[in-house]
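Some notes on the structure that comes next.
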Amino acid sequence: MNPPETLNGNAVIRIENVRKVYNTGEVELRALDGVNLDVRRGEFVAMMGPSGSGKSTLMNILGALDHPSDGRYFLEDEDVGEMEQEDLADLRNRRIGFIFQSFNLLQRMTALQNVTLPMLYRVENRVGHATREEIAIAALESVGLGDRLYHRPNQLSGGQQQRVAIARALVNRPSLMLADEPTGNLDSKSSEEIMGILQNLNRQGVTIVMVTHEADIAKHARRVVCMRDGKIVSDGRAGAQNCLERKR
Amino acid sequence: MNIFEAMGLAWEALIQNKLRSFLTTLGVIIGVAAVILMIAISAGAEAVIAEQINALGANLVIVTATRGTPGRPPSLVYDDALAISKEVKGLTGVAAEQTVASQVIKWGTVNFETALLGTTPDFAKVRETPLETGRFFTQTDLDRKNKVIILGSKVAKDLFGETNPVDQEVLLGTTRLTVIGVLKPKGKVADTDYDDRVYIPLTVVYQRYLTQAMQLNRVRTIYAQVENKETMDSTLAQIKALLARQHAVPLDKPDFVVQTQQDIIQTQQATTETFRTLLAWVAAVSLLVGGIGIMNIMLVSVTERTREIGVRVSIGARPIDVRMQFLMEAIILSLFGGIVGVTGGVGGAWLFNETGAMRTEIVPWSLALAFASSALVGVFFGFFPANKAANLDPIEALRHE
């Protein structure tokens with residue numbers, strides 16, 4: 001299948017008329033109802049909208065964790081819908097870095113082990129144990145946790161845990177980072193730190209798509225996409241305030 | 001992820017919950033130990049039988065009396081042995097044997113209790129009990145009721161140490177006897193220690209060690225050695241006919257049993273066969289139960305770690321990676337069970353043997369068999385839970401609390 005003509009080389013994400021429908025008994029729930037979205041390389045996009053607006057569903061589809069019921073998703077010119085299980089895993093492993101509201105670190109492992117994990121699952125360009133640790137240590141140092149390598153998640157603060165999660169998302173050098181309410185469980189000081197790190201990454205060329213419902217957080221992004229009832233209702237900096245007002 | 005990395009992940013998960021891992025593998029430990037013990041015990045039982053057969057001597061016909069009834073004791077007598085010796089053709093030797101309660105044997109100040117057997121001159125030949133030194137008693141000794149004695153090797157050693165026992169006088173019970181020979185060591189077979197017993201002429205037993213008139217002349221067993229194996233059947237028939245005539249009983253209702261070594265071998269083999277089949281089932285069932293135990297815990301573990309699986313998938317674990325990790329956990333559990341079970345089985349078999357509780361022989365291939373089946377149990381029972389883990393929906397898994 002050929003990529004659409006309008007897709008230029010700079011687009012990291014292209015979503016075309018994506019629908020996601022859940023059939024729960026008699027009720028048909030349309031989580032996504034015809035979404036179109038382009039994200040170009042180097043953008044920092046905040047996705048806003050009230051609960052149930054479909055932003056998390058969209059994130060899961062972007063993260064190749066979920067499939068749309070209809071429509072197409074191109075990641076760097078490749079049709080994700082056409083991919084096999086193995087390729088999807090490779091996509092999540094090397095091309096997308098995912099961070100979550102609840103951090104999702106493995107509790108029984110140290111920070112270092114958690115950060116090493118994506119390299120363990122890498123299929124191409126594998127590196128040995130020693131190199132993996134070197135890379136993981138460098139990643140943890142880059143988020144300011146060089147002195148917390150052997151701490152387990154329950155020995156770290158929320159902000160520190162999220163920084164470990166960011167280090168983990170970075171070790172395979174993805175071109176796209178997806179953040180699902182990354183500051184939702186953090187105090188404002190930690191939130192600022194995390195946003196600082198994300199902005200830094202963005203300046204280094206990593207494309208970021210972030211779900212949030214806090215205007216303070218959204219203002220770090222240069223583009224705000226507002227969703228409602230499974231549709232994009234506004235796109236652009238101006239939409240942020242609108243989105244929040246509607247929410248009220 | 002390569003296989004060693006998968007093993008590493010599995011190992012980390014298992015040591016996280018040491019007690020549970022151990023309890024999970026306990027079933028396999030018991031199963032594997034049971035397999036090894038079962039085979040060791042069967043092999044031991046077979047070895048005992050082989051030794052018993054060897055200890056009997058070759059081409060032997062064994063005549064025993066059936067159990068006596070009140071007022072009518074077992075009916076086999078010394079005269080039966082004499083009759084067989086005289087009338088049955090193709091025999092190279094006939095010996096009669098009577099056992100008596102064990103007696104205290106004494107030489108100088110040394111004394112202890114030992115088993116006593118009264119017999120006839122051919123015993124040495126038909127039962128293949130060669131002499132170390134001296135001679136066996138003769139028909140003359142028997143006829144004259146000479147007070148002579150032949151010692152088993154252990155008795156001779158314990159009683160005389162370095163002294164040559166031949167021509168020495170010993171006291172057996174209340175009777176003085178002259179030692180005329182010492183037997184070569186023959187070893188212990190089942191419950192019989194052939195070296196810890198003494199032999200005296202059957203007639204002396206009647207004269208000095210049996211007091212009840214009823215017992216006089218009675219023998220426990222008659223051994224007849226057949227010259228040629230091919231004539232065994234006709235010899236058996238002759239002996240049966242002769243004894244029926246002697247005892248005035250019908251042939252189809254004899255008060256004696258005539259057996260060959262072959263009969264004894266077959267009876268005992270049938271017994272061990274049943275025994276072995278039973279043990280094999282016990283071992284197989286406990287391995288199966290052990291495997292189900294592993295599957296059960298692995299299923300629980302997959303449910304408990306649903307979120308962990310979701311996280312792994314979200315950072316790029318392929319289904320095969322997840323499957324490999326859980327399969328490895330099951331395999332490591334089973335292999336650990338295999339190792340501990342092999343150790344336990346070998347140790348148990350050794351202990352049985354050492355303490356004399358049961359004769360066992362550890363069979364090397366049984367270790368390989370038990371170990372291989374434990375690995376197989378791991379793969380077989382680990383596969384279903386591992387598959388369940390690999391097929392989890394990542395979003396559901398990530399939402400799992």
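The values are calculated or read from the model by the stated rules, or taken from the named source; none is laboratory data. Just so we're clear, the structure is a prediction, and the values are computed from it rather than from any experiment. A quick note on method: Cβ atoms are made from the backbone with ideal geometry, for glycine too, and the neighbour counts reach across all protein chains shown. Just so you know, the surface numbers come from the protein's heavy atoms only, side chains and all, with ligands and any DNA or RNA stripped out. Shrake-Rupley method; radii C 1.70, N 1.55, O 1.52, S 1.80 Å.
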Exercise for the section: Can you confirm whether the range A:55-73 contains a residue that is in contact with a helix residue (DSSP H, G or I) (Cβ under 6 Å, 6 or more places away or on another chain), within 14 Å of chain B (Cβ to nearest Cβ), more than 20 Å from residue B:2 (Cα to Cα) and polar (S, T, N, Q)? Expected result: yes
Exercise for the section: Looking for whichever is hydrophobic (A, V, I, L, M, F, W, C), out of contact with any strand residue (DSSP E or B) (no Cβ under 7 Å at 6 or more places or on another chain) and in the same structural domain as residue B:92 (by TED's automatic domain parsing) here; the options are B:219, B:249. Which one fits? Expected result: B:249
Handout entry: Scope the range A:157-171; condition within 13 Å of another protein chain (Cβ to nearest Cβ) and under 14 Å from the mean Cα position of the chain (by Cα); matching residues
Key = A:165, A:166, A:167, A:168, A:169, A:170
Practice task
Report the residue count in the range B:93-124 for those that are closer than 15 Å to residue B:62 by Cβ and surrounded by fewer than 18 Cβ atoms within 10 Å (Cβ to Cβ).
Solution key: 1
Exercise for the section: Return yes or no: is residue A:114 within 11 Å of chain B (Cβ to nearest Cβ) and either more than 18 Å from the chain's Cα centre (by Cα) or under 25 Å from residue B:8 (Cβ atoms) (or both)? Expected result: yes
Handout entry: The one condition in (1) open to solvent by 60 Å² or more (accessible area, probe 1.4 Å); (2) in a strand (DSSP E or B); (3) under 30 Å from residue B:357 (Cα atoms) that residue B:198 fails to fulfil
Key = (1)
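Residue-by-condition table, conditions (1) at pLDDT below 90; (2) buried (at least 17 other Cβ atoms within 10 Å of the Cβ); (3) more than 14 Å from chain A (Cβ to nearest Cβ); (4) assigned to a helix (DSSP H, G or I):
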{"residue": "B:285", "(1), (2), (3), (4)": "yes, no, yes, yes"}
{"residue": "B:289", "(1), (2), (3), (4)": "yes, no, yes, yes"}
{"residue": "B:323", "(1), (2), (3), (4)": "no, yes, no, yes"}
{"residue": "B:338", "(1), (2), (3), (4)": "no, yes, yes, yes"}
Exercise for the section: Would you check if there is a residue in the range A:12-29 being within 14 Å of chain B (Cβ to nearest Cβ) and open to solvent by less than 60 Å² (accessible area, probe 1.4 Å)? Expected result: yes
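Could you count how many residues in the range A:100-116 are aliphatic (A, V, I, L, M) and surrounded by 23 or more Cβ atoms within 10 Å (Cβ to Cβ)?
Step one: list which residues in the range A:100-116 are aliphatic (A, V, I, L, M), which gives A:105-106, A:109, A:111-112, A:115.
From what's left, surrounded by 23 or more Cβ atoms within 10 Å (Cβ to Cβ): A:105, A:111, A:115.
The number of residues fulfilling the criteria is 3.
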Exercise for the section: Within the range B:346-362, identify whether any single residue is within 14 Å of chain A (Cβ to nearest Cβ), buried (at least 17 other Cβ atoms within 10 Å of the Cβ) and either at pLDDT 90 or above or closer than 24 Å to residue A:85 by Cβ (or both), and answer yes or no. Expected result: no
Exercise for the section: Among what's in the range A:117-129 and is open to solvent by less than 70 Å² (accessible area, probe 1.4 Å) and part of a helix (DSSP H, G or I), pick the residue that is farthest from residue A:170 (Cα to Cα). Expected result: A:120
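Determine whether the range A:75-83 contains at least one residue that is small (Gly, Ala, Ser) and buried (at least 18 other Cβ atoms within 10 Å of the Cβ). Break it down stepwise before answering.
Here is the first cut: in the range A:75-83, the residues small (Gly, Ala, Ser) are A:81.
Checking the rest, the ones that are also buried (at least 18 other Cβ atoms within 10 Å of the Cβ) come to none.
There is no residue in the range A:75-83 that is small (Gly, Ala, Ser) and buried (at least 18 other Cβ atoms within 10 Å of the Cβ).
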Practice task
State whether the residues of the range A:151-171 include one that is over 15 Å from residue A:103 (Cβ atoms), touching a residue at least 12 places away in the same chain (Cβ under 8 Å) and of a type outside the set (A, V, I, L, M).
Solution key: no
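Conditions (1) basic (Lys, Arg); (2) crowded, with 18+ Cβ neighbours inside 10 Å; (3) within 26 Å of residue B:345 (Cβ to Cβ); (4) more than 14 Å from chain A (Cβ to nearest Cβ), marked per residue:
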site: B:253; (1), (2), (3), (4): yes, no, no, yes
site: B:269; (1), (2), (3), (4): no, no, yes, yes
site: B:278; (1), (2), (3), (4): no, no, yes, yes
site: B:293; (1), (2), (3), (4): no, yes, yes, yes
site: B:299; (1), (2), (3), (4): no, no, no, yes
site: B:305; (1), (2), (3), (4): yes, yes, no, no
site: B:312; (1), (2), (3), (4): yes, yes, no, no
Problem - Inter-residue pairs, beta-carbon under 7 Å, first in the same structural domain as residue B:345 (by TED's automatic domain parsing) and in the range B:15-31, second among the basic types (Lys, Arg), 6+ apart - result: B:16/A:108
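Test of understanding: among B:236, B:242, which residue is assigned to a helix (DSSP H, G or I), open to solvent by less than 20 Å² (accessible area, probe 1.4 Å) and over 19 Å from residue B:119 (Cβ atoms)?
From the options B:236, B:242, the qualifying one is B:242.
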Exercise for the section: Please state which of the following conditions residue A:144 fails to meet, knowing it meets all the rest: (1) open to solvent by 10 Å² or more (accessible area, probe 1.4 Å); (2) in contact with a Lys or Arg (Cβ under 8 Å, 6 or more places away or on another chain); (3) modelled with pLDDT of 90 or more; (4) within 25 Å of residue B:1 (Cβ to Cβ). Expected result: (4)
Practice task
With respect to residue A:105, determine if the residue is in contact (Cβ under 8 Å) with a residue 60 or more places away in the chain, under 20 Å from the mean Cα position of the chain (by Cα) and facing chain B (nearest Cβ under 8 Å).
Solution key: yes
